[in-house]
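Notes for the one structure printed next.
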Amino acid sequence: MITRRTLLGAGLGVGLGAGLGVSSSSALLARAFAASGGPLPLPAAADTLGQGEFALFSASDLNFQTLIALGGAGINSQVGEVITAVMQANAAPGGASYQSLYDAMVATANRLLEAADDAAARKRTVTARDRYLRAAQYYNQALFWVLGTSTPDAEESVYRAMEDALAQSAMRQVPRWERVEIPYAKAKIPAWFVRAPGATGRRPTVIMNNGSDGQNVDMLPQGASAALARGWHVLLFEGPGQGRMLFVDEVPFTPDWHEVVSPIVDDLQSRSDVDPKKIALIGVSFGGLLVIRAGAHEHRLAAIVSDPGSVNDYDAFPEVLHEVAQGDESTVNQAWADLVVPGSDASQLFSLKKRLEIFSTDALHEARAGKVPSNWYELSRRIQEFTLGDLATKVTSPTLVVDYELEAFYPGQAKTLFDQLTTKTKDYVRFTTVEGAQYHDAPVGSQWHGEVVMDWLDQHVS
């Protein structure tokens, strides 16, 4: 109902293959193409091909989140492990559910963690590194579903298991990842500085800004690996409402995102291995809006990527919830308790917990107690602060706005953002079904996505 995962339900039945340009073939044309080294013409029957399906589960929210794990194959997951977990979840009594997929992902992560420990004990460093990384990804998958299980209060412990596995992998990476803490208000922003292999001197660096429900391990297939392969350093961080700052420190999201990004830029500019004039910022999912809010104030950024572009997070919530939010606090919260919560099914209740826990400490505590956050009056007004207004006109950095075919969380908002931007250099790119990079954040099109985004950054920064 509310999360980007659930909202993609309408799109998950259609997939790869639409829009292929086909032409009739002939032996002469085929020989001509083959001789020139160009692409072969498609056979005549190719024009009957339809769209395929990316369907691991019939439930759209289970399906989309698991596609993210599958899309990271070769980077932070393995196809066989993901499919095995899917089969285990589907085979559980009663079929696939939040509980059965959570159980399958935890079991997979536990097995890999034990295998990684064994490899480490045997001095099999590369094997241990990769197994720890995959364990972190599967704990990450379990973390997403924990509020929908019988143990919603396990959120922090699952996060810590994921974080520990990632740290074990990080210390075995080449170069070894550097753990840094960046001052922010009364807290610290936890981050990883990841050096490009073989890079020397001052290098361009990209800050990877996650969204509302992803983790650092997610950022590897969503751009970090592509950046490292091109000689860019990468800064992974968890700001307010994200990762450790949410699950351990209990600090919710803030709309004042420049207060998060500017200290990170300060830190990077102080380093001897970073080119201070070549620091870029990529915002993924909800981060696509956050980086524009930051860029309106922070003008030292060499480039910004809003992925996908968006202008108003509140518009991603169903209109009926906007209507319920009208009135004084007592009226709003009474209608919420009497109409919305009792009228929601299990998937909608899970979505409400998951989507709202990031905006206030009270909502986080209620969700961990297995309850739907109760103060919709306060939450709805907080969410309305996450909009752009006229901030897009204040961005001066070169900006790439990303859009997706079958984008269901922020449909149409990327083009709106692009039109609002007044910076001298701006570009718009739309990923499609032809490339297998459709849906919000191209869950199974990470390689193509990374190539396009990093080529743009190389052109405008590096």
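The values are calculated or read from the model by the stated rules, or taken from the named source; none is laboratory data. Because the structure is predicted, anything quoted here is derived from the model rather than measured. Cβ coordinates were reconstructed from backbone atoms using ideal geometry, including for glycine residues, and neighbour counts include every protein chain displayed. These accessible areas exclude ligands, DNA and RNA; they are computed on the full protein's heavy atoms, side chains included. Shrake-Rupley method; radii C 1.70, N 1.55, O 1.52, S 1.80 Å.
Looking at the range 412-428, which of its residues are without any contact (Cβ under 8 Å) to a residue 40 or more places away in the chain and crowded, with 18+ Cβ neighbours inside 10 Å?
Leu421, Lys426
Tell me which helices (runs of 4 or more DSSP H) are completely within the range 58-153 and hold 2 or more residues being more than 25 Å from Ser285 (Cβ to Cβ) and open to solvent by 10 Å² or more (accessible area, probe 1.4 Å), or say none if there are none.
79-91, 98-121, 125-145
Scan the range 129-149 residue by residue and report those that are under 19 Å from Gln173 (Cα atoms) and without any contact (Cβ under 8 Å) to a residue 40 or more places away in the chain.
Within the range 129-149, Asp130, Arg131, Ala135 meet the criteria.
Is at least one residue of the range 242-254 open to solvent by less than 10 Å² (accessible area, probe 1.4 Å), among the polar types (S, T, N, Q) and within 30 Å of Thr387 (Cα to Cα)? Let's see the steps before the verdict.
Taking the range 242-254 as the starting set, the residues that turn out to be open to solvent by less than 10 Å² (accessible area, probe 1.4 Å) are 242-243, 245-247, 253.
Next, from what is left, pick out any that are among the polar types (S, T, N, Q): 242.
From what's left, within 30 Å of Thr387 (Cα to Cα): 242.
Looking through the range 242-254, at least one residue is open to solvent by less than 10 Å² (accessible area, probe 1.4 Å), among the polar types (S, T, N, Q) and within 30 Å of Thr387 (Cα to Cα).
For the range 446-460, state whether one or more residues are in a loop (DSSP other than H, G, I, E, B) and either among the aliphatic types (A, V, I, L, M) or touching a Gly at 6+ places or on another chain (Cβ under 7 Å) (or both).
No, the range 446-460 has no match at all.
Go through the range 154-177 and give me each residue that's open to solvent by 60 Å² or more (accessible area, probe 1.4 Å) and charged (D, E, K, R).
Of everything in the range 154-177, those that are open to solvent by 60 Å² or more (accessible area, probe 1.4 Å) and charged (D, E, K, R) turn out to be Arg160, Asp164, Arg176.
Given (1) under 26 Å from Leu388 (Cβ atoms); (2) free of Cβ contacts under 8 Å to residues at least 24 places away in the same chain, identify the lone condition not met by Ser270.
(1)
So which residues in the range 374-416 are at positive phi and modelled with pLDDT of 95 or more?
Selection gives Gly389, Gly412.
I need a count of the residues in the range 388-411 that are open to solvent by 40 Å² or more (accessible area, probe 1.4 Å) and either under 21 Å from His322 (Cα atoms) or out of contact with any His (no Cβ under 9 Å at 6 or more places or on another chain) (or both).
Residues in the range 388-411 being open to solvent by 40 Å² or more (accessible area, probe 1.4 Å) and either under 21 Å from His322 (Cα atoms) or out of contact with any His (no Cβ under 9 Å at 6 or more places or on another chain) (or both): 5 in total.
Please determine, by comparing only the residues of the range 336-372 that are without any contact (Cβ under 8 Å) to a residue 24 or more places away in the chain and more than 24 Å from the chain's Cα centre (by Cα), which one is surrounded by the fewest Cβ atoms within 10 Å (Cβ to Cβ).
The qualifying residue surrounded by the fewest Cβ atoms within 10 Å (Cβ to Cβ) is Pro342.
For the range 226-239, what are the residues that are surrounded by 21 or more Cβ atoms within 10 Å (Cβ to Cβ) and not aliphatic (A, V, I, L, M)?
If the condition is that a residue be surrounded by 21 or more Cβ atoms within 10 Å (Cβ to Cβ) and not aliphatic (A, V, I, L, M), then Trp232, His233, Phe237, Glu238, Gly239 are the ones that fit.
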